[in-house]
Amino acid sequence: MTAHLHAFGAFLPERVVANAELAERLGCTSEWIEKVSGIQERRWAAPETTVADMAIAAAEDCLGKAGIAASTLGMLIVASGSGARGFPGPAAEVAARLGMDSAPALDLPIASAGSLFGLALAMQMTEIYGDVLVVGAEKMSAVIQTEPLDQNTAILFGDGAGAVLVSAQTGRWRLLDAVLHTDGQYRGDLALDGIGPLRMNGLTVILQAARKMPASITEVLERQNISAQQVSVFLLHQANLNLLTRVGKALGVRPETVFSNVQRYGNTSSASMLIAASEWVAGNPEPGPIVFSAFGAGFHWGAIVADART
Amino acid sequence: MSPDSTRRQRLRTLVQKVAGKPAPDDEQESLFESGLLDSFALPDLVSAIETEFGVKVPDSDLNPRKFDSIERMDAYLADRTQ
């Protein structure tokens, strides 16, 4: 199996929602929001903007950077936990509007870890289907604005989309290995039933995530004989700055190797890891091993390691 | 098993170290509902317990209720050492 990362893309809505705006609605302070989450602001999509709209914008950004047409894709995977309808999920609409006429388009409605699972699937699928585009897109503002607002979730989430192109053709990074895990006994601790409200048992989520993310990263790195200290960057699901910091400490790595943009975009669920990757790549980083990891509803979690092409 | 006063005192010291404030006198009081600890202090508390008592808390035991109060932590450790 050979699979390579060719390009990333992202889309973020224009509207910036600063902590002060939310604090007024929630009866708390901007400082408290930043203290418990590290978040200073997030983006919210316009009411008429859909998950599919944002997914297409990120997909087009990614395909443009890769220099290929959507019509040549062999498969599309769209991760989203906030799609507008039960079925079909947004993948079919995204495929049609991108101009894909018969290639398979797969939905992954598992929220936070969705793009990680999509990327791991794409690693396997690309030899069979050719180029695979993975997109994570979320309109979490629609989920958290169910009245009455829940202070614990309303402060966290934002909207956006990210994308990555995976191909069997040699690209900038070779995907080396992936580990995925699910423990369904916690399926009720972070869940969205119908239109809301979002249910989150923060104590359980943080306790499990703080342990399982570093463990899965260690698991995949040990299989590839790569130490955490050799990794150039950790591109993690941007759930909460406090969690990102703890994962870095647990791994014993330099804080600057744990990429974060949660301060500016909040938690964009399945989109966050790919938005982070897109921003990191735009900084023209030095070559070296990169690690992706996510944890979220399900609980689903895991990690993927890639390295400069060999 | 009856409460272990030495173990409870060690737990009180750990809670104070993680919270930066004294543990409550009431050993049944929820450390989280009272606001003494937040969700991000919980992983730190569990790690501190593992180090202090030389036990490994398996993922299957990572239930916040087990670490919600001095009394519950003491009961968990008592079960582990039986």
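The values are calculated or read from the model by the stated rules, or taken from the named source; none is laboratory data. Since we're looking at a predicted model, the values are computed, not measured. Don't worry about glycine lacking a Cβ; one is built from the backbone with ideal geometry, like all the others, and counts go over all protein chains shown. Surface areas here come from the heavy atoms of the whole protein model, side chains and all, with no ligands, DNA or RNA. Shrake-Rupley method; radii C 1.70, N 1.55, O 1.52, S 1.80 Å.
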Output row B,A: buried area (accessible, probe 1.4 Å, summed both chains) in Å², nearest hundred, equals 1300
Beyond 32 Å (Cα-Cα) in this structure, taken from A:LYS139/B:LYS66; A:LYS139/B:LYS56; A:LYS65/A:LYS249; A:LYS35/A:LYS212; A:LYS139/B:LYS17; A:LYS35/A:LYS65, we find A:LYS139/B:LYS66; A:LYS139/B:LYS56; A:LYS65/A:LYS249; A:LYS139/B:LYS17; A:LYS35/A:LYS65
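Classify the stretch A:24-67 as rounded, prolate or oblate, taking a ≥ b ≥ c as the square roots of the eigenvalues of its Cα gyration tensor: rounded when a/c is under 1.5, otherwise prolate if a/b is larger than b/c and oblate if not. Don't skip to the end; give the middle numbers.
On the way: a/c = 5.68, a/b = 2.16, b/c = 2.63.
Here the stretch A:24-67 falls in the oblate category.
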Interchain or sequence-distant (5+) residues whose placed amide H lies within less than 5 Å of the amide H of A:ALA294 are A:HIS237, A:GLY302
With all protein chains present, chain A has a carbon and sulfur share of its accessible area (1.4 Å probe) in percent of 51
Asserting the computed 222 nm helical MRE of chain A (DSSP H runs at least 4 long, -39500 (n - 2.57) per run, divided by residue count, to nearest 500) equals -11000 deg cm²/dmol
Surrounding charge for A:ASP189, neighbours by C-beta under 12 angstrom, Lys/Arg +1, Asp/Glu -1, total +1
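Work out the mean other chain Cβ neighbour count within 10 Å for the residues of B:51-63 and drop it here as an integer.
Average per residue, whole number: 2.
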A student applying the Cα gyration tensor rule (rounded when a/c is under 1.5; otherwise prolate if a/b is larger than b/c, oblate if not) would label the protein assembly as shown prolate
A correct Karplus calculation of ³J(HN,Hα) over the stretch A:290-303, with 6.51 cos²θ - 1.76 cosθ + 1.60, θ = phi - 60°, whole Hz and x for Gly and Pro, returns 10, 10, 10, 7, 8, 8, x, 2, x, 6, 10, 7, x, 7
The summed charge of the A:ALA92 Cβ neighbourhood (under 15 Å; Lys/Arg +1, Asp/Glu -1) stands at -2
Given backbone amide H placed at 1.01 Å from N, residues whose amide H is under 5 Å from that of A:THR146, ignoring those fewer than 5 places away on the same chain, are none
Once Lys and Arg are counted +1 and Asp and Glu -1 for all other residues with Cβ under 9 Å from that of A:THR2, the total becomes 0
For the pair A:ALA96 and A:ALA46, the simple spin-label estimate (label points 7 Å beyond Cα toward Cβ) gives in nm 2.2
Only helices counted: for chain B, with every DSSP H run of 4 or more residues adding -39500 (n - 2.57) and the sum spread over all residues, [θ] at 222 nm is -15500 deg cm²/dmol
Sparse-neighbourhood loop hits (GluC sites (Glu not before Pro), the stretch B:6-82; DSSP loop; Cβ within 10 Å at most 11 others) -> B:GLU33
Phi angles of the stretch A:223-236, converted by Karplus (6.51 cos²θ - 1.76 cosθ + 1.60, θ = phi - 60°) into ³J(HN,Hα) in whole Hz with x for Gly and Pro, give 5, 9, 6, 10, 8, 4, 6, 7, 6, 6, 7, 10, 9, 10
